[in-house]
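Data block below; observations after.
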Amino acid sequence: MARAGRALEEFVRELERLLARSPVDIKSPDHLPDRRTGAMREVDVSLRSHVGSVLVLVIMECRDRSDAEDVSWIDELVGKREAVGANKAIAISASGFSKSARTAASATGIGLRTFEEVSEADLRSWLSLDEVIVHVRYANFTGIKFGIGEGHPTLDGYLPHLPASLVGRDVPILIKNDDGGRLTIDDLWKQVPKAGLMADLTPGERRRGTVHVAFTGPDRYMIETSSGLVDVEGLAITGEFGYDEHRVPIRRYYQYVAEDGVLTQNAEVTIAHDGKEMVFGIHGTPDGSRFSITRHDMSSTADVLDFDMWLDFQLIERENPRAE
(Lines give C-alpha, C1' and ligand atoms only; values in the text may rest on other atoms or scores of the structure.)
Protein backbone atom coordinates (compact mmCIF):
# COMPACT_ATOMS: atom_id res chain seq x y z
CA MET A 1 0.00 0.00 0.00
CA ALA A 2 1.29 3.45 -0.91
CA ARG A 3 2.24 5.64 2.03
CA ALA A 4 0.01 8.53 3.01
CA GLY A 5 0.61 11.61 0.86
CA ARG A 6 2.20 9.71 -2.03
CA ALA A 7 -0.77 10.37 -4.31
CA LEU A 8 -0.33 14.13 -3.87
CA GLU A 9 3.39 13.87 -4.71
CA GLU A 10 2.65 11.99 -7.93
CA PHE A 11 -0.06 14.49 -8.84
CA VAL A 12 2.29 17.44 -8.34
CA ARG A 13 4.90 15.68 -10.48
CA GLU A 14 2.41 15.46 -13.37
CA LEU A 15 1.36 19.10 -13.03
CA GLU A 16 4.99 20.20 -13.10
CA ARG A 17 5.54 18.16 -16.25
CA LEU A 18 2.68 20.05 -17.86
CA LEU A 19 4.22 23.36 -16.80
CA ALA A 20 7.79 22.63 -17.91
CA ARG A 21 8.69 24.92 -20.83
CA SER A 22 12.16 23.49 -21.39
CA PRO A 23 13.69 20.02 -20.96
CA VAL A 24 13.36 19.15 -17.26
CA ASP A 25 14.25 15.91 -15.49
CA ILE A 26 11.48 15.31 -12.93
CA LYS A 27 11.74 12.53 -10.33
CA SER A 28 9.39 11.52 -7.55
CA PRO A 29 10.61 10.53 -5.10
CA ASP A 30 14.31 11.34 -5.38
CA HIS A 31 17.28 10.74 -3.07
CA LEU A 32 20.04 13.32 -2.78
CA PRO A 33 23.26 13.27 -0.72
CA ASP A 34 23.43 15.46 2.35
CA ARG A 35 26.47 17.71 1.83
CA ARG A 36 27.28 17.63 5.55
CA THR A 37 26.88 13.95 6.45
CA GLY A 38 26.95 12.13 3.12
CA ALA A 39 23.70 10.33 4.01
CA MET A 40 20.97 10.17 1.39
CA ARG A 41 17.98 12.47 1.92
CA GLU A 42 14.61 11.78 0.32
CA VAL A 43 12.72 14.58 -1.40
CA ASP A 44 9.15 14.24 -2.65
CA VAL A 45 9.78 15.75 -6.10
CA SER A 46 12.97 17.01 -7.75
CA LEU A 47 13.37 19.04 -10.93
CA ARG A 48 16.70 19.40 -12.76
CA SER A 49 17.30 21.64 -15.74
CA HIS A 50 20.16 23.47 -17.39
CA VAL A 51 20.28 27.24 -17.68
CA GLY A 52 23.09 27.66 -20.15
CA SER A 53 25.86 25.44 -18.77
CA VAL A 54 24.59 25.61 -15.18
CA LEU A 55 22.56 22.75 -13.66
CA VAL A 56 19.66 24.04 -11.57
CA LEU A 57 18.10 21.82 -8.89
CA VAL A 58 14.65 22.48 -7.42
CA ILE A 59 13.20 20.32 -4.64
CA MET A 60 9.51 20.14 -3.76
CA GLU A 61 7.97 18.80 -0.57
CA CYS A 62 4.25 17.93 -0.39
CA ARG A 63 1.82 17.61 2.51
CA ASP A 64 -1.77 16.42 2.28
CA ARG A 65 -3.15 17.29 5.72
CA SER A 66 -6.36 18.78 7.02
CA ASP A 67 -4.80 21.82 8.72
CA ALA A 68 -2.83 24.70 7.20
CA GLU A 69 0.94 24.26 7.49
CA ASP A 70 2.78 26.41 10.02
CA VAL A 71 6.20 28.05 10.17
CA SER A 72 7.97 24.94 11.50
CA TRP A 73 7.65 23.20 8.14
CA ILE A 74 9.14 26.19 6.36
CA ASP A 75 12.13 26.04 8.75
CA GLU A 76 12.56 22.35 7.93
CA LEU A 77 12.61 23.09 4.21
CA VAL A 78 15.22 25.80 4.61
CA GLY A 79 17.46 23.24 6.29
CA LYS A 80 16.85 20.56 3.67
CA ARG A 81 17.49 23.01 0.81
CA GLU A 82 20.90 23.86 2.27
CA ALA A 83 21.71 20.25 3.12
CA VAL A 84 21.20 18.91 -0.42
CA GLY A 85 22.47 22.02 -2.22
CA ALA A 86 19.24 22.85 -4.01
CA ASN A 87 18.87 26.16 -5.80
CA LYS A 88 15.22 26.39 -4.80
CA ALA A 89 12.82 24.66 -2.41
CA ILE A 90 9.04 24.72 -2.81
CA ALA A 91 6.38 23.65 -0.31
CA ILE A 92 3.07 22.28 -1.64
CA SER A 93 0.19 22.01 0.81
CA ALA A 94 -3.26 20.68 -0.01
CA SER A 95 -4.71 22.80 2.82
CA GLY A 96 -2.71 26.02 2.53
CA PHE A 97 -0.37 27.88 4.89
CA SER A 98 -0.67 29.95 8.03
CA LYS A 99 0.12 33.67 7.94
CA SER A 100 3.39 33.12 9.83
CA ALA A 101 4.39 30.36 7.41
CA ARG A 102 3.84 32.67 4.44
CA THR A 103 5.89 35.41 6.10
CA ALA A 104 8.75 33.01 6.85
CA ALA A 105 8.66 31.58 3.33
CA SER A 106 8.90 35.05 1.82
CA ALA A 107 11.86 35.92 4.05
CA THR A 108 13.78 32.71 3.34
CA GLY A 109 13.03 32.23 -0.36
CA ILE A 110 10.83 29.14 0.01
CA GLY A 111 8.25 28.91 -2.76
CA LEU A 112 4.66 28.09 -1.87
CA ARG A 113 2.04 26.17 -3.84
CA THR A 114 -1.49 25.25 -2.88
CA PHE A 115 -4.86 24.34 -4.37
CA GLU A 116 -7.84 26.67 -4.43
CA GLU A 117 -11.39 25.49 -5.03
CA VAL A 118 -13.23 27.66 -7.55
CA SER A 119 -16.74 27.72 -8.95
CA GLU A 120 -17.76 26.45 -12.36
CA ALA A 121 -18.44 30.04 -13.40
CA ASP A 122 -14.85 31.02 -12.60
CA LEU A 123 -13.44 28.45 -15.02
CA ARG A 124 -16.20 28.54 -17.64
CA SER A 125 -14.10 30.54 -20.08
CA TRP A 126 -11.43 27.83 -19.94
CA LEU A 127 -13.47 24.64 -19.74
CA SER A 128 -16.88 24.98 -21.34
CA LEU A 129 -17.99 21.46 -20.45
CA ASP A 130 -20.89 19.97 -18.58
CA GLU A 131 -19.76 16.37 -18.70
CA VAL A 132 -17.32 13.83 -20.10
CA ILE A 133 -18.33 10.77 -22.10
CA VAL A 134 -16.16 7.86 -21.00
CA HIS A 135 -15.86 4.57 -22.86
CA VAL A 136 -14.65 1.82 -20.54
CA ARG A 137 -13.37 -1.00 -22.70
CA TYR A 138 -12.99 -4.55 -21.40
CA ALA A 139 -10.67 -7.42 -22.20
CA ASN A 140 -11.52 -10.67 -20.42
CA PHE A 141 -8.92 -13.25 -21.50
CA THR A 142 -10.01 -16.89 -21.74
CA GLY A 143 -7.03 -18.54 -23.40
CA ILE A 144 -3.51 -18.02 -24.74
CA LYS A 145 -1.57 -19.92 -27.38
CA PHE A 146 2.19 -19.49 -27.88
CA GLY A 147 3.53 -19.83 -31.41
CA ILE A 148 7.11 -21.17 -31.44
CA GLY A 149 7.74 -21.59 -35.13
CA GLU A 150 9.05 -24.65 -36.93
CA GLY A 151 12.11 -26.78 -36.51
CA HIS A 152 12.18 -27.30 -32.76
CA PRO A 153 13.44 -30.83 -32.10
CA THR A 154 10.85 -31.76 -29.46
CA LEU A 155 7.85 -29.52 -30.16
CA ASP A 156 5.59 -29.47 -33.20
CA GLY A 157 5.48 -25.74 -33.90
CA TYR A 158 3.17 -24.58 -31.16
CA LEU A 159 2.26 -25.05 -27.54
CA PRO A 160 -1.24 -26.21 -26.56
CA HIS A 161 -3.96 -23.62 -26.07
CA LEU A 162 -3.84 -22.77 -22.37
CA PRO A 163 -6.61 -21.33 -20.19
CA ALA A 164 -5.78 -17.78 -19.18
CA SER A 165 -6.28 -18.73 -15.53
CA LEU A 166 -3.50 -21.31 -15.84
CA VAL A 167 -1.00 -18.93 -17.47
CA GLY A 168 -1.74 -16.06 -15.08
CA ARG A 169 -1.96 -12.56 -16.52
CA ASP A 170 0.34 -11.17 -13.84
CA VAL A 171 2.97 -13.94 -14.01
CA PRO A 172 6.24 -12.85 -15.75
CA ILE A 173 6.18 -15.71 -18.24
CA LEU A 174 7.85 -14.01 -21.25
CA ILE A 175 11.65 -13.58 -21.24
CA LYS A 176 13.30 -10.94 -23.43
CA ASN A 177 16.03 -12.34 -25.64
CA ASP A 178 18.34 -9.35 -25.35
CA ASP A 179 18.56 -8.76 -21.61
CA GLY A 180 16.63 -11.54 -19.89
CA GLY A 181 14.02 -9.14 -18.57
CA ARG A 182 10.59 -10.64 -17.88
CA LEU A 183 7.14 -9.52 -19.01
CA THR A 184 3.65 -10.61 -18.07
CA ILE A 185 0.84 -11.12 -20.55
CA ASP A 186 -0.63 -7.87 -19.23
CA ASP A 187 2.63 -6.03 -19.95
CA LEU A 188 2.45 -7.23 -23.52
CA TRP A 189 -1.28 -6.50 -23.83
CA LYS A 190 -0.68 -2.82 -23.16
CA GLN A 191 1.36 -2.66 -26.39
CA VAL A 192 -1.18 -4.42 -28.62
CA PRO A 193 -3.25 -2.31 -31.09
CA LYS A 194 -6.86 -2.76 -30.01
CA ALA A 195 -8.93 -0.56 -32.32
CA GLY A 196 -10.26 -3.46 -34.41
CA LEU A 197 -11.60 -5.28 -31.38
CA MET A 198 -14.34 -2.70 -30.84
CA ALA A 199 -15.29 -2.11 -34.48
CA ASP A 200 -19.10 -2.03 -34.98
CA LEU A 201 -19.80 -2.81 -31.32
CA THR A 202 -22.42 -0.88 -29.40
CA PRO A 203 -22.11 0.07 -25.72
CA GLY A 204 -22.81 -2.94 -23.51
CA GLU A 205 -22.27 -5.47 -26.30
CA ARG A 206 -19.61 -8.18 -25.87
CA ARG A 207 -17.76 -10.04 -28.60
CA ARG A 208 -15.64 -13.16 -28.40
CA GLY A 209 -12.55 -13.12 -30.55
CA THR A 210 -8.86 -13.78 -30.94
CA VAL A 211 -6.04 -11.26 -31.08
CA HIS A 212 -2.86 -12.36 -32.86
CA VAL A 213 0.45 -10.80 -31.82
CA ALA A 214 3.51 -11.42 -34.01
CA PHE A 215 7.00 -10.66 -32.72
CA THR A 216 8.58 -9.30 -35.89
CA GLY A 217 10.35 -6.24 -34.52
CA PRO A 218 13.56 -5.91 -32.51
CA ASP A 219 11.90 -7.12 -29.29
CA ARG A 220 11.90 -10.91 -29.23
CA TYR A 221 10.86 -13.25 -26.44
CA MET A 222 11.30 -16.76 -25.06
CA ILE A 223 9.35 -18.96 -22.66
CA GLU A 224 10.45 -21.76 -20.38
CA THR A 225 9.22 -25.26 -21.31
CA SER A 226 10.05 -28.78 -20.20
CA SER A 227 12.46 -28.80 -23.14
CA GLY A 228 14.22 -25.62 -22.02
CA LEU A 229 13.97 -22.05 -23.31
CA VAL A 230 12.06 -21.74 -26.58
CA ASP A 231 11.82 -18.68 -28.86
CA VAL A 232 8.28 -17.36 -29.18
CA GLU A 233 7.28 -16.01 -32.59
CA GLY A 234 3.84 -14.80 -31.53
CA LEU A 235 0.76 -15.17 -29.36
CA ALA A 236 -2.90 -15.84 -29.98
CA ILE A 237 -5.03 -14.40 -27.16
CA THR A 238 -8.69 -15.36 -27.03
CA GLY A 239 -11.23 -13.59 -24.91
CA GLU A 240 -14.35 -11.52 -24.61
CA PHE A 241 -14.14 -7.87 -25.56
CA GLY A 242 -16.50 -4.92 -25.37
CA TYR A 243 -17.12 -1.52 -23.85
CA ASP A 244 -19.60 0.44 -21.75
CA GLU A 245 -20.39 4.13 -22.06
CA HIS A 246 -20.72 6.50 -19.12
CA ARG A 247 -21.73 10.16 -19.15
CA VAL A 248 -19.87 11.63 -16.19
CA PRO A 249 -20.44 15.17 -14.86
CA ILE A 250 -17.55 17.43 -13.95
CA ARG A 251 -17.45 17.21 -10.16
CA ARG A 252 -14.77 19.66 -9.08
CA TYR A 253 -13.04 22.82 -10.31
CA TYR A 254 -9.83 24.07 -8.70
CA GLN A 255 -6.56 25.89 -9.38
CA TYR A 256 -2.91 25.08 -8.66
CA VAL A 257 -1.61 28.37 -7.30
CA ALA A 258 1.76 29.98 -6.56
CA GLU A 259 2.48 33.26 -4.79
CA ASP A 260 2.44 35.17 -8.09
CA GLY A 261 -0.69 33.68 -9.62
CA VAL A 262 -2.48 30.67 -11.07
CA LEU A 263 -0.28 27.93 -12.56
CA THR A 264 -2.91 25.48 -13.82
CA GLN A 265 -6.70 25.36 -14.01
CA ASN A 266 -8.13 21.94 -13.24
CA ALA A 267 -11.32 19.92 -13.26
CA GLU A 268 -12.06 16.40 -12.07
CA VAL A 269 -14.34 13.56 -13.07
CA THR A 270 -14.84 10.39 -11.04
CA ILE A 271 -15.48 7.19 -12.96
CA ALA A 272 -17.28 4.53 -10.93
CA HIS A 273 -18.19 1.06 -12.17
CA ASP A 274 -19.07 -2.14 -10.34
CA GLY A 275 -18.18 -0.60 -7.00
CA LYS A 276 -14.74 0.56 -8.15
CA GLU A 277 -13.58 4.12 -8.66
CA MET A 278 -10.97 6.13 -10.53
CA VAL A 279 -10.41 9.90 -10.58
CA PHE A 280 -9.20 11.73 -13.70
CA GLY A 281 -8.00 15.32 -13.85
CA ILE A 282 -8.33 17.69 -16.80
CA HIS A 283 -5.60 20.34 -16.63
CA GLY A 284 -4.66 23.43 -18.61
CA THR A 285 -2.50 26.50 -18.30
CA PRO A 286 -4.35 29.84 -18.01
CA ASP A 287 -3.08 30.98 -21.41
CA GLY A 288 -4.49 27.86 -23.07
CA SER A 289 -1.13 26.77 -24.48
CA ARG A 290 -0.91 23.45 -22.62
CA PHE A 291 -3.46 20.78 -21.79
CA SER A 292 -3.35 17.29 -20.29
CA ILE A 293 -5.45 14.54 -18.74
CA THR A 294 -4.07 12.63 -15.75
CA ARG A 295 -5.19 9.81 -13.53
CA HIS A 296 -4.92 10.52 -9.85
CA ASP A 297 -6.61 9.79 -6.56
CA MET A 298 -5.88 11.51 -3.29
CA SER A 299 -6.80 8.35 -1.36
CA SER A 300 -4.05 5.78 -0.90
CA THR A 301 -6.65 3.10 -0.14
CA ALA A 302 -8.98 3.69 -3.09
CA ASP A 303 -10.28 0.60 -4.88
CA VAL A 304 -9.45 1.59 -8.44
CA LEU A 305 -10.53 0.09 -11.73
CA ASP A 306 -8.70 -3.05 -12.80
CA PHE A 307 -5.84 -2.47 -15.24
CA ASP A 308 -7.25 -4.93 -17.80
CA MET A 309 -9.63 -2.09 -18.66
CA TRP A 310 -8.69 0.98 -20.61
CA LEU A 311 -10.53 4.22 -21.27
CA ASP A 312 -11.32 6.70 -24.05
CA PHE A 313 -12.27 10.28 -23.18
CA GLN A 314 -14.60 12.39 -25.28
CA LEU A 315 -14.91 15.93 -23.92
CA ILE A 316 -18.33 17.34 -24.83
CA GLU A 317 -18.86 21.10 -25.04
CA ARG A 318 -22.17 22.53 -23.93
CA GLU A 319 -24.72 22.73 -26.72
CA ASN A 320 -26.26 25.80 -25.12
CA PRO A 321 -23.71 27.55 -22.92
CA ARG A 322 -25.27 29.58 -20.17
CA ALA A 323 -25.01 33.33 -20.57
CA GLU A 324 -22.12 35.03 -18.84
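The values are calculated or read from the model by the stated rules, or taken from the named source; none is laboratory data. None of these values were measured; they are calculated from a predicted model. All Cβ positions, even for glycine, are placed from backbone atoms using ideal geometry, and neighbour counts span all protein chains on display.
So which pairs qualify, if the first residue must be in segment 172-198 and assigned by TED's automatic domain parsing to the domain that holds ARG208, the second must be part of a helix (DSSP H, G or I) and at pLDDT below 85, the Cβ gap must be under 9 Å, and the two must be at least 6 apart or on different chains?
Pairs that qualify, where the first residue is assigned by TED's automatic domain parsing to the domain that holds ARG208 and the partner is part of a helix (DSSP H, G or I) and at pLDDT below 85, are PRO172/ASP187; ILE173/VAL167; ILE173/ILE185; LEU174/ILE185; LEU174/ASP187; LEU174/LEU188; ILE185/ALA164; ILE185/VAL167.
Applying the selection to segment 23-64, what residues are over 21 Å from the mean Cα position of the chain (by Cα), loosely packed, with under 13 Cβ neighbours inside 10 Å and not in a strand (DSSP E or B)?
Residues satisfying the conditions are ARG35, ARG36, THR37, GLY38, ALA39, GLY52, SER53.
Just give me the residues in segment 1-44 being among the polar types (S, T, N, Q), modelled with pLDDT of 90 or more and in contact with a strand residue (DSSP E or B) (Cβ under 9 Å, 6 or more places away or on another chain), in sequence order. Let's see the steps before the verdict.
Narrowing segment 1-44 to residues among the polar types (S, T, N, Q): 22, 28, 37.
Narrowing the set further to residues that are modelled with pLDDT of 90 or more leaves 28, 37.
Answer for segment 1-44, where residues must be among the polar types (S, T, N, Q), modelled with pLDDT of 90 or more and in contact with a strand residue (DSSP E or B) (Cβ under 9 Å, 6 or more places away or on another chain): just SER28.
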